[in-house]
1. ³J(HN,Hα) across region 85-99 via Karplus (A = 6.51, B = -1.76, C = 1.60, θ = phi - 60°), whole Hz, x for Gly/Pro?
2. If amide H atoms are built 1.01 Å from N in the plane of the peptide, which residues on other chains or at least 5 residues away come under 5 Å of the amide H of Ala64?
3. List the residues whose amide H sits under 5 Å from the amide H of Asp247, counting only those 5 or more places along or on another chain, with H placed 1.01 Å from N in the peptide plane.
4. Give a residue-ordered list of calculated ³J(HN,Hα) values for region 165-176 (Karplus: 6.51 cos²θ - 1.76 cosθ + 1.60, θ = phi - 60°; whole Hz; x for Gly, Pro).
5. Neighbour counts of other C-beta atoms within 10 Å: give me Phe230, Phe190 arranged from fewest to most.
6. For region 1-72, what is the convex hull volume of the alpha-carbon atoms per residue, in Å³?
7. Considering only the other residues whose Cβ falls under 10 Å of the Cβ of Ser22, what net charge follows from Lys and Arg at +1 and Asp and Glu at -1?
8. What do you get for the angle between helix 120-133 and the principal long axis of the chain? Use alpha-carbon atoms, 0 to 90 degrees, nearest ten.
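Where a number appears in this text, it was derived from the coordinates with a stated rule and is not lab data. As the structure is a prediction and not an experimental result, all values here were calculated from the model. In this analysis, Cβ positions are derived from the backbone assuming ideal geometry, glycine residues included, and neighbour counts consider all displayed protein chains.
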Amino acid sequence: MDIPHTPSFRLDGRRALVTGASSGIGLGAAVALAEVGAHVVCAARGADRLNDAVAAIRASGLSAEAHPLDVADIDAVRALCAEGPFDAVVNAAGIARHTPALDTAPADYDAVMGVNLRGAYFLSVEAARAMQAAGRGGSIIHISSQMAHVGGIDRAVYCATKHGLEGMVKSMAIEWGASGIRINSICPTFVRTPLTEQTFENPERVKWITDKIKLGRVGEVEDIMGAVVFLAGAASAMVTGTSLLIDGGWTAE
């Protein structure tokens with residue numbers, strides 16, 4: 001009797017790109033993919049911190065290289081993707097400028113939209129273009145947020161980018177499925193990273209967060225790493241156009 005076998009979670013011989021890889025969830029994603037055998041191109045704006053991150057990854061015996069990149073620079077993104085297709089792309093680049101909606105400055109709106117949505121859009125396009133040109137599929141993963149599924153205090157702009165990202169993922173999945181290109185998002189709850197430092201300094205926000213998370217704790221970078229590995233390879237071969245919520249039950253209500 002033939003029995004099924006679990007698809008491999010390994011990515012040996014594969015190339016991966018991780019944006020926002022110098023810290024936080026992006027660094028975790030880069031480490032996770034390198035640990036399962038991928039060669040990881042780590043991209044971020046700050047070259048010094050990026051180089052330090054890549055040096056630490058290499059010191060662990062893993063394969064990685066640094067590539068300074070601003071995802072809002074479409075020409076630079078196009079040039080990087082044109083160097084050859086990536087088997088997996090994880091977009092963890094993101095910014096947040098939280099204010100009440102009535103206090104939102106147009107410059108802040110444009111900055112957050114430029115990275116979180118516009119940058120994500122054209123990174124997806126250029127990554128998929130290179131995959132199609134090479135006649136191969138691949139996996140594109142966006143680090144979104146639970147705020148793509150709910151609203152949040154002082155987060156009108158941030159939520160707008162993440163809700164928009166979810167619609168983008170669904171539409172691109174429809175367009176690119178026939179090429180074997182999968183695109184999904186990961187939607188974490190609040191995770192302790194440099195991006196969330198300001199939130200965790202506010203006792204009222206901390207209470208709001210802990211009251212909402214049913215598992216009774218905030219997220220850690222390690223909570224996201226397994227999901228990245230799952231979506232990057234063969235174990236998720238039939239998963240596209242959807243979001244994986246890692247929110248401790250926040251959106252279960």
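1. Whole-Hz 3J(HN,Hα) from phi for region 85-99: x, 9, 6, 9, 10, 10, 9, 10, 5, x, 9, 9, 9, 7, 8.
2. Val40
3. Those qualifying (amide H under 5 Å, at least 5 residues apart or on another chain) are Thr189.
4. Karplus-based 3J(HN,Hα) across region 165-176 equals 4, 5, x, 4, 4, 4, 5, 5, 4, 5, 5, 9 Hz.
5. So the residues, fewest neighbours to most, are Phe230, Phe190.
6. Working: hull volume 7.1 nm³, N = 72.
Measuring per residue, one finds 98 Å³ for the Cα hull of region 1-72.
7. My count for the surroundings of Ser22 gives 0.
8. It works out to around 10 degrees.
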